[in-house]
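K.L.:
First, the structure itself, so that you have it in front of you.
Read-outs: derived from the displayed coordinates by stated rules, not from any lab. Quick caveat: nothing in here was measured; it's all calculated off a predicted structure. Cβ sites come from the backbone with ideal geometry, for glycine too, and all protein chains shown count toward neighbours.
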Amino acid sequence: MNTFHRSISTPITSSAAFYYEDSQEAEDIFSGNCANPLYSRMGNPTSSVLEQQLSTMENGVGAVATSSGMGAITMVLMSLCSSDDEIVAIGGLFGGTYAFMTQTLPRFGIKTKFLSVDDLDTIESSITTKTKVIFCESVGNPSLRLPDLEAIGKIATKHNIAFIVDNTVTPVIVKPFEYGADIVIYSTTKIISGNSSALGGIAIFKEVKEHDKFHTSRYEFLTPFINKLKGKALIGCSKKRSLRDFGMSANAHSSYQTLLGLETLDLRNNRINTSCEIVAKVLKSEGLNVNHPSLNDNIDKDLYDRNFSEGTGSMITIDMGTQEKAYKFLDASKLLTITANIGDSRTLGLHMGSTIYQDFTSQEKEFLGITDGLIRLSIGLEKPQDIIDDLLNCFEASK
């Protein structure tokens, strides 16, 4: 059946429920023997198109779209972890992810050990029989520290631990499955949709193969899913253990808007990542305290050249030294949009310490690289010189 009647643009299926032809089809749909829609909490035809396209982009076996990036993170971690389990998180994490791991997961008895990207030598000693997940971001937000994905992936494979990579800022640029990841997560709200109009997230899964890490006693709870769904066991686990019960389901309208953004992702990726290098280099030469991995004095420059030759996404940061100077800088701009988003077609800016991280302790801020004067910029599609001119004017106004 051609559900979309040859439409070029994916139709928006806004129905919350779907009818079944007869009682037998209803049984088959609920048992998984028929792929027709069950109920929109468990999946929607519009969202299914997004799942198929992003799974193909990552060479995954399938995907599950969610209502937000945090929804995707919650879904996969709650599907794999139970009370008394542990997570090893590597690198500076987005504030929402860090708060989830430090404030919410402990309420369910799930603990997280936090390591910096420089702690590769201690990852193995942090793994115990309770460890279910190694988690990292492809690029630290907003620290911009770069993890050695290949080295982490090898450790995860050696110890039969699920490896999850939040690849939000580097879609297409970084291919986590090539480095041994098992699940790739995106906040599609960011550069995939690209214009702040659609909240969404997605988890993309690698195929579960015979006798791999998920057949071990560590993941014994996956056995029923493996027996029934074979290579798509992780998808079934996420849907049955999380999506069904927590309801972080994707909205058809948001999925449609995200599909529109996906059509121009490559073009925007190229423009924004090229602009980031240009802007960071010029601002650095003008005396601003700029952080971007492409800069010659950056601690991760060698890793940038080796694994991130196409860029690290839209972020650069500027440290103004104090909150007062950071405020003056941001408020003087005629180009920046002050907001908490990244990956937009517009250039965005935000003082981090007084917003996303205002409730964090000084020790937490230090670990995550949040200083008093830190500004996170997300470079947009404007002409690089226009961005540079505006930011230099901001710098002058802040003195």
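K.L.:
State the antiparallel share, in %, of DSSP beta bridges confined to region 23-261, rounding to the nearest 5.
P.N.:
Roughly 35 percent of the beta bridges in region 23-261 run antiparallel, per DSSP.
K.L.:
Further question: Out of all DSSP beta bridges in the chain, what portion is antiparallel? Express it as a percent rounded to 5.
P.N.:
Values: 22 of 42 bridges.
Of all bridge pairs located within the chain, approximately 50 percent are antiparallel.
K.L.:
Note the full-extension length gain between Glu310 and Thr122 as 0.36 nm times their separation in residues minus their Cα-Cα distance, in nm to one decimal.
P.N.:
Extending this stretch completely gives an extra 64.7 nm.
K.L.:
Same structure, new question: Over region 265-397, what is the percentage of antiparallel beta bridges among all DSSP beta bridges, to the nearest 5?
P.N.:
85
K.L.:
Also, quick follow-up: Quick one: in region 265-397, what % of C-alpha pairs are over 19 Å apart?
P.N.:
48
K.L.:
Still on this structure, please answer the following. So for each of 375-384, 298-307 I average, over its residues, the number of other beta carbons within 10 Å; can you give me the resulting order with the highest mean first? Don't skip to the answer; put the middle values down first.
P.N.:
Details: 375-384: 21.4, 298-307: 16.8.
Peptide ranking by packing, descending: 375-384, 298-307.
K.L.:
A follow-up question, please. Could you tell me which residue out of Pro176, Tyr327, Ala203 lies farthest along the dipole of the chain toward its positive end? Charges go on the beta carbon: Lys and Arg +1, Asp and Glu -1, centred on the Cα centre.
P.N.:
The listed residue farthest towards the positive side: Ala203.
K.L.:
Report the net charge of residues surrounding Ser249, where surrounding means a beta-carbon distance below 11 angstrom and charges are Lys +1, Arg +1, Asp -1, Glu -1.
P.N.:
Numbers: positive: Arg41, Lys239, Arg244; negative: none.
Cβ neighbours under 11 Å give a net charge of +3.
K.L.:
Using only the C-alpha atoms of the chain, find the volume of their convex hull and express it per residue in Å³. Display every interim value, and only then the final one.
P.N.:
Details: hull volume 54.1 nm³, N = 399.
Convex hull of Cα atoms, per residue: 136 Å³.
K.L.:
What number results when the radius of gyration of region 23-261, computed over Cα atoms, is divided by 2.2 N^0.38 Å?
P.N.:
Normalised Cα radius of gyration, region 23-261: 0.96.
K.L.:
Continuing with the same structure: Would you mind counting up the charge near Asn273? Only other residues with Cβ under 12 Å from its Cβ, with Lys and Arg at +1 and Asp and Glu at -1.
P.N.:
Surrounding charge for Asn273 is -1.
K.L.:
Using +1 at the Cβ of each Lys and Arg and -1 at the Cβ of each Asp and Glu in the chain, identify which of Leu243, Leu262, Ile134 lies farthest towards the dipole's positive end.
P.N.:
Leu243
K.L.:
In addition: Which whole-angstrom value gives the distance between the alpha carbon centres of region 291-366 and region 32-99?
P.N.:
27
K.L.:
Using a simple spin-label model with points 7 Å from Cα along the Cα→Cβ vector, what separation in nm is obtained for Lys399 and Thr355?
P.N.:
The two pseudo-label positions are separated by 2.6 nm.
K.L.:
On a straight-distance basis, which aspartates and glutamates could pair with Lys206 in a cross-link, Cα separation under 19 angstrom, same-chain partners fewer than 8 positions away excluded?
P.N.:
Hits, sequence-local ones excluded: Glu51, Glu58, Glu137, Glu150, Asp166, Glu178, Asp182, Glu220.
K.L.:
Oh, and also: Describe numerically, in nm with one decimal, the distance between label points set 7 Å from Cα along Cα→Cβ at Asp245 and at Lys158.
P.N.:
Each label point lies 7 Å from its Cα, and together they span 3.4 nm.
K.L.:
Still on this model: So what's the net charge close to Asp182: Lys and Arg +1, Asp and Glu -1, counting the other residues with Cβ under 10 Å from its Cβ?
P.N.:
Taking every Cβ under 10 Å from that of Asp182, the sum is 0.
K.L.:
Only helical DSSP H runs with n ≥ 4 go in: add -39500 (n - 2.57) per run for the chain, normalise by residue count and round the 222 nm mean residue ellipticity to 500 deg cm²/dmol.
P.N.:
-10000 deg cm²/dmol
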